[in-house]
1. At 1.002 mPa s and 20 °C, plugging the Kirkwood radius over alpha-carbon pairs of segment 3-136 into Stokes-Einstein gives what diffusion coefficient in µm²/s?
2. Only helical DSSP H runs with n ≥ 4 go in: add -39500 (n - 2.57) per run for the chain, normalise by residue count and round the 222 nm mean residue ellipticity to 500 deg cm²/dmol.
3. In percent, how large is the relative contact order of segment 2-279, given Cα pairs closer than 8 Å and 6 or more residues apart?
4. Relative to the longest principal Cα axis of the chain, at what angle does helix 39-55 sit, 0 to 90 degrees, rounded to 10?
5. Rounded to the nearest 10 degrees, what's the angle between the helix 268-279 long axis and the longest principal axis of the chain, both from Cα atoms, 0 to 90?
6. Highest mean first, how do 200-207, 5-12, 82-89 rank when packing is the count of other Cβ atoms within 10 Å averaged over residues?
7. Using a Gaussian network model of the chain with C-alpha springs under 10 Å, which one of 226, 163, 42 is most mobile by mean-square fluctuation?
8. Considering every pair of different Cα atoms, what Kirkwood radius, in Å, is found for segment 163-293?
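Read-outs throughout are calculated quantities, based only on the coordinates presented, and are distinct from any laboratory measurement. The model shown is predicted, which means the values in this text are computed figures rather than measured ones. Cβ coordinates were reconstructed from backbone atoms using ideal geometry, including for glycine residues, and neighbour counts include every protein chain displayed.
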């Protein structure tokens, strides 16, 4: 039983970051109906910016906000420079999704050009070797920080969407773009903000994942796929579902890795995607899809 709870705790820690990734995917899908396949790569760029700043001895409390803002501005620039012109030319949803795939490849090339192919160790104030024990359970400093950041970020975004004027504008824009424009809501700015927030949470997840992984230009591929699985599981139009889905993915993959095999661990998200799409395509908390892609 102790082993089970230890796997559960580790799964919650990982799942809280998958939830942040899933939230970014859901934010963009809710607002524009686009599945952003460059989400993980934008997070990687922001994480490498943080790596560069920390490697040059900039304090973490400065490197963190600079990297988050950089990631958000990059995403907003992409939205205004590429997505908006594509929409003005009546690009289909599938066409816009394809654009994000192309951007993903461009960003990967830029990462390889500026930072090379060598794996890096992320300088970080939290350590995964500093262990605390509570009875039969043990916790490392990084996993505790990861869980707190993931859950705090999810709660913060929930209150931002539910309790602020910006959040109400985002909800109105995602539900009925034409009606929101009629009410005088600056929909382009609101949509760009959604893209920026999504990237910000992606970079935040990347910065806390990097110390536990090998930092290279492709290190966010698996976390992105697991976050995507969490978004599918919870429902692509549900923020609560994104959090629950991300946590479930983290827990299930850790339990399967511990009790079955580590090789099987990374196949779990894909099995979940297949099962959910077969049984309940809208996800656990999502509304029925209105569009087919």
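1. Result for D is 124 µm²/s.
2. Result for the chain: -23500 deg cm²/dmol, rounded to the nearest 500.
3. 40 percent
4. Taking Cα atoms only, the helix is inclined about 50 degrees.
5. So the helix axis and the longest Cα principal axis differ by about 40 degrees.
6. 200-207, 5-12, 82-89
7. Highest fluctuation of the listed residues: 163.
8. 16.6 Å
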